[in-house]
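Values quoted throughout were computed directly from the atomic coordinates according to the rules given, and no laboratory measurement underlies them. On a predicted model such as this, the values are computed, not experimentally measured, just so you know. Cβ sites come from the backbone with ideal geometry, for glycine too, and all protein chains shown count toward neighbours.
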Amino acid sequence: MKVIENLLQLQELEMGPTTEAPESRRLVETLRKGIPEQILGHYDRLRARGKKGVALVRHGVCNGCQMKLASGPYAALIRDDDIAMCDTCGRYLLRAPEAAPAPEAPPAPAPEAKKPAPRKRRSKTAADAPA
Ligand SMILES: [Zn+2]
């Protein structure tokens with residue numbers, strides 16, 4: 001959900017060390033404008049209590065409270081068509097990028113293009129002639 005991605009970005013900015021930088025403030029303002037008031041309100045309430053408003057989900061587990069998500073919120077998260085919220089801690093949920101699977105072995109170097117079988121017959125040239 002794009003909104004939640006923005007919310008996470010907002011959270012990182014607001015909790016980050018550079019909140020006071022003018023660029024950060026501008027970005028915070030821009031992000032806040034793009035997030036529906038209701039969502040922002042809930043986020044702000046969580047933040048006011050010193051909590052994060054957005055939690056990442058890995059393998060179906062909310063990293064805000066370390067609880068396995070109920071099937072409802074998890075389904076919403078996977079479908080990505082609705083805003084998912086953790087039943088346990090009330091945080092907005094965002095799918096963490098799954099750990100990339102072990103990189104596959106690089107493809108074996110392509111075998112050299114098959115050359116036509118060498119011809120047995122050597123063409124005689126003048127250079128081969130005995131001096
Ligand atoms: Zn949670």
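Tabulated values for the structure
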| quantity | calculated |
| --- | --- |
| Among beta bridges that DSSP assigns inside the chain, antiparallel share in %, nearest 5 | 50 |
| Scattering curve values for region 2-95, log₁₀ I(q)/I(0), Debye with Cα scatterers, q = 0.13, 0.15, 0.22 Å⁻¹ | -0.42, -0.55, -1.08 |
| Tensor-based shape of region 20-64 (alpha-carbon gyration tensor, a/c under 1.5 rounded, otherwise prolate or oblate) | prolate |
| The chain: calculated mean residue ellipticity at 222 nm from DSSP helix runs of at least 4, using -39500 (n - 2.57) | -11000 deg cm²/dmol |
| Value of relative contact order over the chain, rounded to a whole percent, pairs C-alpha under 8 Å and six or more apart | 20 |
| Virtual spin-label span in nm between ARG119 and ILE78, 7 Å along Cα→Cβ | 6.4 |
